[in-house]
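Working notes for the structure below.
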Amino acid sequence: MKLLVVYSSKTGNTKKVAMAIGETLGVEPVAVTDAPSPDDYDWIVAGFWVDKGTADAAMKAYLSKITNKQVALFATLGAEPDSDHARQCLANAAKLLGTGCTLTGQFICQGKVSDEMVSMMKKMFPEGHPHAMTAERLARIEKAASHPDAEDLSAAQAYFADWRKEWIAG
Ligand SMILES: Cc1cc2nc3c(=O)[nH]c(=O)nc-3n(C[C@H](O)[C@H](O)[C@H](O)COP(=O)(O)O)c2cc1C
């Protein structure tokens, strides 16, 4: 039985979650840029950062190469994890998997939106613009800034400990 934990992370949030999951599953997570062929594994746990409502480009490409495997997904995003947007992001990523894959689990938590991204959004969407940074949006970004926190990492570990029992240790 071979298990791969692979992740994509631009600013480190998803990497933190990957490392916590890897610790629980007893495997060293691999960055998607160095990832081996999925063909060499039986189980794949793949993590991405949400980029415009779906997996980031690097993980998109990797997910499409996975065929006929048991796959669990995890992700970090700026929005609330318990939201339609978060659920849609996971569903969009699952659709990118190659043929014959079984989705065995999914976990998502918040991750700090980089300062660079926030200032870019402020510039791109000034007051009056439909995507302008309303007080509500700023509050959401502010809330995401402390994530993933210790609670998120514990939740990811608990989720994948159960996942292993259900799908691998059976
Ligand atoms: C270009 C870009 C697009 C993003 N798109 C979304 C999005 O559609 N929804 C969302 O909730 N967060 C979005 N985010 C926030 C990131 O998903 C979030 O900060 C994530 O934790 C970053 O993970 P990383 O540190 O592993 O790169 C976006 C961030 C960037 C830079």
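The values are calculated or read from the model by the stated rules, or taken from the named source; none is laboratory data. A quick note: this is a predicted structure, and the numbers were derived from the prediction, not measured. Here Cβ is always computed from backbone atoms with ideal geometry, including for glycine, and neighbour counts include all displayed protein chains. Accessible surface areas use protein heavy atoms only, side chains included; no ligands, DNA or RNA. Shrake-Rupley method; radii C 1.70, N 1.55, O 1.52, S 1.80 Å.
With respect to the conditions (1) open to solvent by 10 Å² or more (accessible area, probe 1.4 Å); (2) without any contact (Cβ under 8 Å) to a residue 24 or more places away in the chain; (3) closer than 20 Å to Ser154 by Cα; (4) in a helix (DSSP H, G or I), Glu28 falls short on a single one, namely (4). Just one of the listed residues (Thr76, Thr67, Thr54) is open to solvent by less than 30 Å² (accessible area, probe 1.4 Å), hydroxyl-bearing (Ser, Thr, Tyr) and without any contact (Cβ under 8 Å) to a residue 60 or more places away in the chain, and it is Thr54. Residue count for segment 1-25 under the criterion of being closer than 16 Å to Gln157 by Cβ and either more than 7 Å from the ligand (Cβ to nearest atom) or open to solvent by 70 Å² or more (accessible area, probe 1.4 Å) (or both): the result is 14.
Please tell me if Val45 is over 24 Å from Ile141 (Cα atoms), touching a Leu at 6+ places or on another chain (Cβ under 8 Å) and crowded, with 20+ Cβ neighbours inside 10 Å. Considered against the rule, which asks whether it is over 24 Å from Ile141 (Cα atoms), touching a Leu at 6+ places or on another chain (Cβ under 8 Å) and crowded, with 20+ Cβ neighbours inside 10 Å, Val45 comes out as yes.
Listed conditions (1) buried (at least 18 other Cβ atoms within 10 Å of the Cβ); (2) within 16 Å of the ligand (Cβ to nearest atom) are all met by Phe160, apart from (2). Is one or more of the residues making up segment 83-104 in the same structural domain as Ala35 (by TED's automatic domain parsing) and at positive phi? Yes: one or more hits.
Scanning segment 79-99 for residues that are under 13 Å from the mean Cα position of the chain (by Cα) and either open to solvent by less than 10 Å² (accessible area, probe 1.4 Å) or away from the ligand (no atom under 11 Å from the Cβ) (or both) gives Ala86, Arg87, Cys89, Leu90, Ala91, Ala93, Ala94.
One residue stands out among those in segment 100-124 that are at pLDDT 95 or above and among the hydroxyl-bearing types (Ser, Thr, Tyr): the one that is nearest to the ligand (Cβ to nearest atom), which is Ser114. Ala135 meets each of the listed conditions (1) modelled with pLDDT under 95; (2) closer than 28 Å to Ser64 by Cβ; (3) of a type outside the set (S, T, N, Q) apart from (2). The lone criterion from (1) within 12 Å of the ligand (Cβ to nearest atom); (2) over 23 Å from Arg164 (Cβ atoms) left unmet by Asp34 is number (1).
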